[in-house]
Every structure is written in structure tokens, then in C-alpha cells.
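The values are calculated or read from the model by the stated rules, or taken from the named source; none is laboratory data. Quantities reported herein were computed from a predicted structural model and do not represent experimental measurements. Note: ideal-geometry Cβ built from the backbone for every residue, glycine included; neighbour counts use all protein chains shown.
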């Protein structure tokens, strides 16, 4: 007598005819789904069939309802497995979403490609190509402004320019570069105390040709400064043949980058000015200012700015007449036109026994911020020698500046700024 096991239960089978497998039962049925349906009992025949023929039919009728139970069990297991897989899939999607970064359409082709990120220069606030450009070291270059030095080179590409009287009413510039890489910059001249103090928070390399005694003592005896004086780094500067001494020392970022790398100056840590949000227009100031004059000293050195309604920039000229140009090595001229002009009133004094002018660059004072064709009357603030310069309104809040070049003039407290 044979035995057949169904999920652990043992059934005795009395006959070989009863040992049909599930597949055989499927074959016996016209439609396999009939196995799951209740079996109708046949009508009682008129004459009793022979016992040998009746018995198998009776067994089949009795056993058939038992088979769907096994099939329902199998289906139940399959559904449980599918449910587990579905739950696992949802959990995977949630975990993937938590660590997933947005991608562009181009990133779909490569799982290793990250979404594009936008980087902004801390110096100018403008968008730059990549993280490496945004992390470039800042370089502060001293550029003179005597009439024999005009037109200068590189000023138009600087991010921030500080202007102050160096000596005898003659102004000088400290041009700060980060993302821009001009290859013709000059004339490079000596550094003075006020510029060194203003340069310190930028952690910039200071390119110059000598300097006043107090400025050189500060720079050379303080590890917080990065001194790249031409006196000690002559191969990275040259004497321009088209100019005469001392207005002929020039440099380029091909050379300065090499020098910075050699000295290990690979980045600069600073915050920069507060800027307006990207792709937004600045609030229109209550007071308009289309023409500006900053009385630095004589009209030979006092700048005049004219606001351009189309470019939203300020074209710079000399008060005694004539546009203030920058020139490229091949002779192309362009008028210097910053996006923001700032005049900050400072206390000035001449060091005894010297013609050099020094300034108080810490503390606070009046400031006029010109942008978008208007003026905001505010204040400049700098807590100490390590602090960055800030421009605030009458409530002490930072004034967001238009993104782009900022030209800052330190004018003596006995001078004045006018506009209309």
C-alpha cells in the first residue's frame, strides 16, 4: 500500500488509480481553474453501476476538493513573498532618496556623474566656472597712479580696488584679484601701511616693489602676510620697454601663479562683502546719484563717475578731464567701469619726517555706497586689524552690494563727496 505526503500529512492510498499527481489532475480537467471550484455530485444513475467502475469515480470526487487547498497554500506563499519584495523595494527607495542628490538630464547616463553645482567668487560675488576657480588664492597688487603711469593695465579685471593718497596728493591703487587672470599688470609700485592693513584679512599675496619702512616691517615680520616683493622675486616681474623707470615694472598671472604655487599659497580664507542674491535686482535707493565726484586731492587725482543706465556700471574719469583707461599689452583701451563705487571717510596723517600719508583703517566712519544709480549713506566698520571691512546702514545691518567690481576710495576727512 503506497503513501503520499501533502505538507507533512500522510494519506493512505488504497489503489494505484488514486496516485495521480497535481499535473495529472490538471490534465484531466478541461480548465485547470476547475480544480479550485467545488465539485458537483453526479445525478444518481438509474441503475447502479458496477462496483469496479464506480469506486475510482467516487474516490476522485472525494479527493478533488482536497487538491485546491494545497494550491491555495502555494498562492498564499507567493503573495507573501511578493509583499515582502514590495516592502523591501519601498524601503530601498526611501533610503536612496535620503542620500540622493538632484541630477541634470545629462547625469542619467552615468551613475558616477554628480549634478552641476554653482560656485560664486567670494571677492566679486559673481558666478565662476568651478570650485577650483572659487578657491583660488587672492593676490593684492600695488599699482601706481601718477600721470606717467597712465593708462595702467589690469585694473579693469580686478575684483576690488582700494584707492588712497600715497604721498604728495598722488593716489595709488591696491587691486585684488582672485578669479581673473590678466597677463599684463602694472606699473607695480611700493606698498604703504594703509594698504597692508587692508590686505591682511584677505590672506592675499602682496605683489609690490619695496615700500615704506613701517609697511615693510609689518609685512616681513608677520607670518600672517604673504610677501612677494619684487626685490626678492625678480624673475616673476619684468621691466617693460615701452615705459621708463620707475613706471615700468610689470607682472602677469602666469608668473604670479607659479610664484604662489612655489611658496605654497594655494588658497585664501576670507568671507567677502555681503552681496545681493543672485539673479535679483538691488533695491532702488531713495536718493539718486548719476554723477559722482570724490575729492581725493587735486583734480588730477580726484575721480569722477558717470552712471550708465544700460550697463548699470560707473564709467570712471579724472576730474581734470579725460576717461580713466586700462590698456592691454596689444594696445586695446577700455574705460574702467566698476559696478559699485564706495567713498569712505578716514582720518589721515603724515608720518613725521616723511611725505607718506597713513590712515586709520580700524574703527568706523561715514561711507557712501553708490550702486544701481543711487546712493546709500551708511558707515564703514572694522573692529580690529584682523577683521574684514563691512559697510552698514544706520541700523547696523550689512548693505548688500551689487555683484561685480567694487572701487573703494579712502578720502580724507577734510575732503568731501558730491553727487547729483
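Observations on the structure shown:
- Residue match in segment 294-311 (condition: modelled with pLDDT of 95 or more, in contact with a helix residue (DSSP H, G or I) (Cβ under 8 Å, 6 or more places away or on another chain), surrounded by fewer than 21 Cβ atoms within 10 Å (Cβ to Cβ) and within 27 Å of residue 250 (Cβ to Cβ)): yes
- Scope segment 246-267; condition surrounded by 20 or more Cβ atoms within 10 Å (Cβ to Cβ) and not in a helix (DSSP H, G or I); matching residues: 249, 250, 251, 252
- Looking only at segment 376-388, and only at residues there that are in contact (Cβ under 8 Å) with a residue 40 or more places away in the chain and out of contact with any helix residue (DSSP H, G or I) (no Cβ under 7 Å at 6 or more places or on another chain), the one that is surrounded by the fewest Cβ atoms within 10 Å (Cβ to Cβ): 377
- Residue count for segment 201-237, restricted to those that are in contact (Cβ under 8 Å) with a residue 60 or more places away in the chain, in a helix (DSSP H, G or I) and crowded, with 22+ Cβ neighbours inside 10 Å: 1
- Residue within segment 355-375 that is part of a loop (DSSP other than H, G, I, E, B), within 24 Å of residue 156 (Cα to Cα) and out of contact with any helix residue (DSSP H, G or I) (no Cβ under 7 Å at 6 or more places or on another chain) present: yes
- Restricting attention to segment 319-342, the residues that are within 29 Å of the chain's Cα centre (by Cα) and in a loop (DSSP other than H, G, I, E, B) add up to 4.
- Residue match in segment 397-409 (condition: closer than 16 Å to residue 348 by Cβ and surrounded by 16 or more Cβ atoms within 10 Å (Cβ to Cβ)): yes
- Here is the figure for segment 268-311: residues that are in a strand (DSSP E or B) and over 26 Å from residue 348 (Cβ atoms) total 5.
- Selection status of residue 387, within 30 Å of residue 241 (Cβ to Cβ), at pLDDT 95 or above and part of a loop (DSSP other than H, G, I, E, B): no
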